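Bear in mind that the values in this text are calculations on the coordinates, not laboratory data. Just so we're clear, the structure is a prediction, and the values are computed from it rather than from any experiment. Here the Cβ positions follow ideal geometry from the backbone for every residue, glycine too, while neighbour counts run over all protein chains shown.
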Amino acid sequence: MDRIPILKMGQLLLVTIQVDMHDRLAMALQDDLTERIVREKARGVLIDISTLDIVDSFIGRMISNTAAMARILDAHTVLVGMQPAVAITLVELGLALHGVQTALNVEKGIQLLNRQIA
């Protein structure tokens, strides 16, 4: 099964989603990410979705749930690179990404996370 790589940078974990997300892959990412937060004692998670053109309700809920799990594990989550069509879809579906902050790009997302964990 495919896995999405999770990179460690200091106290942060960086996830760049570069493939179309399907339900099984999203669930595997959630499991992998929560395990890595604990193992690495990460304080922040940056999820880059800039290559995703479509986010359905399941993937939206998975992102929100993953952020909630990260928060319980004492890590902040920032979602970066959201395409306008994805933002429109999330709003139209009525999905609020609770516990997820957003930034325009990776650089701004890392700055936001570093301020939060300082």
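Fewest neighbouring Cβ atoms within 10 Å first, the residues LEU95, LEU104 line up as LEU104, LEU95. Among ALA26, PRO5, LEU113, whose Cα projects farthest towards the positive end of the dipole of the chain, with charges put on the beta-carbon of Lys, Arg (+1) and Asp, Glu (-1)? Final value for the positive-end residue is LEU113. Sorting LEU13, LEU73, LEU7 by the number of Cβ atoms found within 10 Å of their own Cβ, with the fewest placed first, yields LEU7, LEU73, LEU13. Between ILE117 and LYS41, the simple spin-label model (points 7 angstrom out along Cα→Cβ) gives 1.2 nm. Compactness check for region 6-117: Cα Rg over 2.2 N^0.38 Å is 0.97. Cβ crowding within 10 Å, taken as a proxy for footprinting-reagent exposure, orders THR66, THR34 from fewest neighbours to most as THR34, THR66.
Here is how the number arises for the chain: DSSP H runs of 4 or more residues each give -39500 (n - 2.57), the sum is divided by the residue count, and the result at 222 nm is -15000 deg cm²/dmol.
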